[in-house]
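Some notes on the structure that comes next.
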Amino acid sequence: MEEVVITFDATIDAIHGEKLLAEAGLKPLVMPLPSQVKAGCGLCLRVRLEDGTRACELLCSHGVSQAGCFIRRLGQGGSTYEEWWEGSL
């Protein structure tokens, strides 16, 4: 299973981002920043892989600052994270 994890520099951006994505019907999940990811304020949003591009573009178009975007892959040994999208959209 793969998902996109979007990190933010500030908690207020994560909260604003959640609201924008929810209003767009993308069903973001707020979660603590995974220990494997070293970019962000401590909160991040998770969306389905197929919604990742739309989510990042929507956040950018509304001026929501992102620290980075990562693909989260679930495997037998746990989750792995790979940088997917530049944080400076």
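Every number here is computed from the coordinates shown, using simple stated rules; none is lab data. Everything numeric here is computed off the predicted structure, so don't read it as measured data. Note: ideal-geometry Cβ built from the backbone for every residue, glycine included; neighbour counts use all protein chains shown.
Given Cβ point charges of +1 (Lys, Arg) and -1 (Asp, Glu) and nothing else, what value in debye, to the nearest 20, does the dipole of the chain about its Cα centre take? Please list the in-between numbers first.
Working: 8 positive and 12 negative charges, 47 e Å.
Result for the chain is approximately 220 debye, rounded to the nearest 20.
Report the Stokes-Einstein translational diffusion coefficient (µm² s⁻¹, integer) for the chain, Rh taken as the Kirkwood radius over Cα pairs, at 4 °C with viscosity 1.567 mPa s. D = 103 µm²/s.
Within the listed set G63, G17, G40, the residue fluctuating most in the Gaussian network model of the chain (springs between alpha-carbon atoms under 10 angstrom) is G63. Measuring nothing but how far apart in sequence close Cα pairs (under 8 Å, 6+ apart) lie, relative to its length, the chain scores a relative contact order of 37 percent. Placing a pseudo-label 7 Å from each Cα along the Cα-to-Cβ vector at T53 and L29 gives an inter-label distance of 2.4 nm.
Count neighbours as other Cβ atoms within 10 Å of each site's Cβ, and list the trypsin sites (Lys or Arg not before Pro) in the chain that are DSSP loop with at most 16 such neighbours. Those satisfying the criteria are K38.
Per residue of the chain, what 222 nm ellipticity follows from adding -39500 (n - 2.57) for every DSSP H run with n ≥ 4, rounded to the nearest 500? Walk me through the intermediate numbers first.
On the way: 2 runs with 23 residues, N = 89.
It comes out at -8000 deg cm²/dmol, rounded to the nearest 500.
May I ask for the angle, rounded to the nearest 10°, between helix 52-61 and the longest principal axis of the chain, with both axes built from Cα atoms and the value confined to 0 to 90°? Rounded to the nearest ten degrees, it is 30.
Summing +1 for each Lys or Arg and -1 for each Asp or Glu, what net charge is found among the other residues whose Cβ lies under 15 Å from the Cβ of L21? The partial results should precede the final answer.
Working: positive: K19, K27, R46, R48, R54; negative: E3, D13, E18, E23, E50, D51, E57.
Value of the local net charge: -2.
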